[in-house]
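Let me begin by presenting the structure, written as structure tokens, before commenting on it.
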């Protein structure tokens, strides 16, 4: 599998579920893994035939007024298709969420191999692969400043800054971006929670995240540690192998 360049992606939406809301912003960066840098970026609000009634303004500061002036979805789709069409890997933080939202709108992105920087990448600051960690926590752990703005371009830039820092410190740490991504691509398993939905707080506390596409609480682990991880939980799970999905 071709490892460079990769596409770093983030989205902003009006809901946690694609069946209940709209995708209203997307940002993409083309990142060269071997030379440690961003080649090209694109970010845009997205307008369909009519703006959504709820823009989730209290969360992302994207108002209905902004969406009424946003580029039409067809223009944004064209721009996304032109970004590194031969790139085979998409990277996102909590990738299951973003991948679910691009499925119908940006199918070319959806079809690629996805890596999740929250669950797949074995960051040096994470004690276990499946430890839930925010972008803010990752930035601070790598000595990087934090820009707090719930906009897609900011989160994409945060991920590329993390990769840049890994590249900069590789001579001292022995850890490089290519190595992190290769580890992230190694064989995984997914634990699917079988706990009742009203126990979601307990499930979330164990590092599970909500997959809006499959409507399940899930947790990704290395395949050779899946049985041990499942046995350590106080609720039942189902173990699934992970092939090409995040």
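Given the criterion surrounded by 15 or more Cβ atoms within 10 Å (Cβ to Cβ) and within 15 Å of the chain's Cα centre (by Cα), identify the matching residue among 111, 100.
From the options 111, 100, the qualifying one is 100.
Answer yes or no as to whether residue 56 is over 18 Å from residue 32 (Cα atoms), surrounded by 17 or more Cβ atoms within 10 Å (Cβ to Cβ), touching a strand residue (DSSP E or B) at 6+ places or on another chain (Cβ under 9 Å) and modelled with pLDDT under 85.
yes
Which members of region 149-165 meet the condition of being in contact with a helix residue (DSSP H, G or I) (Cβ under 8 Å, 6 or more places away or on another chain) and assigned to a loop (DSSP other than H, G, I, E, B)?
Listed by number, the residues that qualify are 150, 151.
A quick yes/no check of all residues on (1) touching a helix residue (DSSP H, G or I) at 6+ places or on another chain (Cβ under 7 Å); (2) closer than 18 Å to residue 159 by Cβ; (3) without any contact (Cβ under 8 Å) to a residue 12 or more places away in the chain:
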{"position": "3", "(1), (2), (3)": "yes, yes, no"}
{"position": "16", "(1), (2), (3)": "no, no, no"}
{"position": "28", "(1), (2), (3)": "yes, yes, no"}
{"position": "46", "(1), (2), (3)": "yes, no, no"}
{"position": "59", "(1), (2), (3)": "no, no, no"}
{"position": "62", "(1), (2), (3)": "no, no, no"}
{"position": "73", "(1), (2), (3)": "no, no, no"}
{"position": "87", "(1), (2), (3)": "no, yes, no"}
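Does residue 41 count as in contact (Cβ under 8 Å) with a residue 60 or more places away in the chain, more than 23 Å from residue 63 (Cβ to Cβ) and surrounded by 16 or more Cβ atoms within 10 Å (Cβ to Cβ)?
So residue 41 fits the description; yes.
Residue-by-condition table, conditions (1) surrounded by 14 or more Cβ atoms within 10 Å (Cβ to Cβ); (2) over 23 Å from the mean Cα position of the chain (by Cα); (3) in contact (Cβ under 8 Å) with a residue 12 or more places away in the chain:
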site: 175; (1), (2), (3): yes, no, yes
site: 188; (1), (2), (3): yes, no, yes
site: 201; (1), (2), (3): no, no, no
site: 204; (1), (2), (3): yes, no, yes
site: 228; (1), (2), (3): no, yes, no
site: 233; (1), (2), (3): yes, yes, yes
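Tell me which strands (runs of 3 or more DSSP E) are completely within region 1-112 and hold 2 or more residues being assigned by TED's automatic domain parsing to the domain that holds residue 179 and closer than 22 Å to residue 215 by Cα, or say none if there are none.
Of the strands (runs of 3 or more DSSP E) lying wholly inside region 1-112, those with at least 2 residues that are assigned by TED's automatic domain parsing to the domain that holds residue 179 and closer than 22 Å to residue 215 by Cα span 6-13, 23-32, 89-92.
The values are calculated or read from the model by the stated rules, or taken from the named source; none is laboratory data. On a predicted model such as this, the values are computed, not experimentally measured, just so you know. Cβ: placed from backbone, ideal geometry, glycine included. Neighbour counts: every protein chain shown.
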